[in-house]
Structures are given as structure tokens and as C-alpha cells.
Amino acid sequence: MSGNLLILHSLFLAIAPESYIFHFPFSILHSPFSIIHSPFSIQKTMDIKIPQTVGPVIAAITHRWSPRSFSARLIAESDVETILEAATWAFSASNEQPWRYIYAHRGTPLFAQLEGLLMPGNQIWAKNAAVLMVSMMQTTNAAGKPNNWAMHDLGAANFALMLQANALDI
């Protein structure tokens with residue numbers, strides 16, 4: 001992973017004006033989730049650190065890392081949509097798919113809002129990410145009862161998302 005996508009984790013977020021939001025077009029979801037649309041370009045990014053492992057861990061995992069510095073290169077909107085689609089293929093309890101994502105590209109008003117949610121020490125390096133992304137979860141199931149597995153399912157979706165980002169050299 002070359003360091004252009006930063007995922008923020010949150011249980012809830014209500015900062016995006018409706019004018020910034022459109023519904024993601026995947027019918028696989030039980031309910032639509034909102035994401036932010038903005039301009040893009042495709043470019044490759046910096047080299048990654050590859051850890052030494054004890055066992056034969058696959059490259060898709062060992063090539064995933066979390067930098068604290070980011071390339072100045074942007075991420076194509078089509079790549080962000082592909083990354084988010086990968087999350088929809090994660091397993092989830094009772095196929096509830098409780099994950100939701102909001103993202104913003106650097107230079108947009110929402111990016112500044114998302115950056116403002118970070119601790120000051122993290123804002124220093126996160127401001128250079130091409131995309132800031134918030135992952136959230138719906139904590140009740142379709143029947144309105146608590147979804148005790150929502151956090152686990154969100155983690156699975158985030159991992160699928162990160163593996164896809166890695167495969168796209170993002």
C-alpha cells in the first residue's frame with residue numbers, strides 16, 4: 001500500500017450537508033450508504049515497506065501498511081468506487097452488511113471537515129492523504145434489534161477494502 005487512503009473509524013458521523021451526498025449504486029446493500037463525489041485523476045504512488053514474516057504470509061497482507069506520510073498523487077473516483085465495492089463482498093452476520101462509508105478527496109470542503117475530526121497530532125500528516133474515509137456501522141439489524149456483530153463485520157469490510165486498495169497500488 002502506498003499511502004494515499006486514510007480510513008477513520010467512527011460509530012456515527014453527521015457532518016455532510018445533503019448537497020454533498022449521493023447514494024452508492026450497489027443493489028447488493030440492504031440500505032444505501034452515502035459517499036461523497038469529487039474530481040479525480042489516476043497516478044501511482046511511493047514504495048512500500050515489506051515486513052519480514054515468520055511464515056509464508058501472502059503479499060496482499062504483507063504489502064499493506066499504514067504510512068504517516070502520503071503521496072501528493074490523487075486517487076481516481078473509479079478506484080475509490082472499486083475499493084468500496086470490495087467492502088460489500090465482506091462476510092457479515094445474517095448478511096446485514098452494517099458498514100457505511102463517507103469519503104472526501106483532498107481539496108474539497110468535506111475533506112477539511114473530516115480532517116477537523118482528527119486529533120491535532122494526526123492532522124499534521126493526514127492533511128496530505130488523497131482521500132479521507134470514515135467507516136461507520138449500523139448497530140441495529142433489519143428487525144431493529146441490536147447487531148452484536150456489527151463491529152466485527154465492519155472490520156471485515158475494512159480489511160476487504162484495504163486489500164483492494166493494495167491491489168490497486170493505493
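The values are calculated or read from the model by the stated rules, or taken from the named source; none is laboratory data. It should be emphasised that the depicted structure is a prediction, and the values quoted were computed from it without experimental measurement. All Cβ positions, glycine included, derive from the backbone under ideal geometry; neighbour counts span all protein chains shown. Just so you know, the surface numbers come from the protein's heavy atoms only, side chains and all, with ligands and any DNA or RNA stripped out. Shrake-Rupley method; radii C 1.70, N 1.55, O 1.52, S 1.80 Å.
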The residue that is most open to solvent (accessible area, probe 1.4 Å), considering only those in segment 141-156 that are closer than 22 Å to Leu84 by Cα, part of a loop (DSSP other than H, G, I, E, B) and of a type outside the set (Gly, Ala, Ser), is Trp149
**Asked** Is it the case that some residue within segment 122-140 is touching a residue at least 24 places away in the same chain (Cβ under 8 Å), hydrophobic (A, V, I, L, M, F, W, C) and farther than 24 Å from Ala76 by Cα?
**Response** yes
>> Condition (residue is more than 24 Å from Phe70 (Cβ to Cβ), crowded, with 19+ Cβ neighbours inside 10 Å and modelled with pLDDT under 95) applied to segment 126-140: is it met by at least one residue?
In response: yes
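Each row is one residue, and each column tells you yes or no for (1) outside any loop (DSSP other than H, G, I, E, B); (2) buried (at least 16 other Cβ atoms within 10 Å of the Cβ); (3) β-branched (Val, Ile, Thr).
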{"site": "Pro56", "(1), (2), (3)": "no, no, no"}
{"site": "Ala60", "(1), (2), (3)": "yes, no, no"}
{"site": "Asp79", "(1), (2), (3)": "yes, yes, no"}
{"site": "Gln113", "(1), (2), (3)": "yes, yes, no"}
In segment 93-106, anything open to solvent by 20 Å² or more (accessible area, probe 1.4 Å) and either over 30 Å from Ser71 (Cβ atoms) or in contact (Cβ under 8 Å) with a residue 60 or more places away in the chain (or both) is listed as Ala93, Ser94, Asn95, Glu96, Arg100
